[in-house]
Amino acid sequence: METNSKDLMKALPDFSDLQGVIDAMKALNIQKMSLDKQIKEQESNTFSTVMTDEKYMVNGKTPAVNFYDNAYKYKGIDGNLLSLRQQYIEVTAELDAMKLKYELYKEMLDMFKTLVYQEKGMV
């Protein structure tokens, strides 16, 4: 099947489609940065708590940092960081999908330009 520019034009995204993808990427980027900030704040709070609260001391001493890294850094105290990390994963996946969609739109537009040039005998 041979494709011509008129057939392809029906499937092309318009500028509002492109702007919609750009706006979605912006919102997802903001959401991702916000989650990153929240995770870092929680990690900092968890570190401070584990290093200063007697409840977490080992034989009356502050736990070693590598113990903190293995026991508390990822999940937090009582797993409080796990849901934030899951949200971060989901937002990152959505953002990656939007970036791919944007790239697909660009490729479609490039293909359209190529077909138009070929039909006009410019290539």
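What follows is calculated from the coordinates using simple rules that are stated; it is not laboratory data. Keep in mind that what you see is a predicted model, and the values were worked out from it rather than measured. FYI the Cβ positions are ideal-geometry reconstructions off the backbone, even for glycines, and counts take in every protein chain you see.
For the chain, set up a GNM with springs between Cα atoms under 10 Å and report which of 66, 45, 29 has the largest fluctuation.
Largest GNM mean-square fluctuation: 66.
Can you sort 46, 92 from fewest to most other Cβ atoms within 10 Å of each residue's own Cβ? Walk me through the numbers before you get to the answer.
Details: 46 21, 92 15.
Going from least to most buried by this count: 92, 46.
Quick check on the chain: take the gyration tensor over C-alpha atoms, sort the square-rooted eigenvalues as a ≥ b ≥ c, and tell me if it's rounded (a/c under 1.5), prolate or oblate. Don't skip to the answer; put the middle values down first.
Details: a/c = 5.64, a/b = 4.42, b/c = 1.28.
Prolate, since a/c reaches 1.5 and a/b exceeds b/c.
Gain in length, residue 12 to residue 119, computed as 0.36 nm per residue apart minus the alpha-carbon separation, to one decimal in nm?
36.8 nm
Against the longest principal axis of the chain, how steep is helix 15-52, in degrees 0 to 90 to the nearest 10, with axes from Cα atoms?
The answer is roughly 10 degrees.
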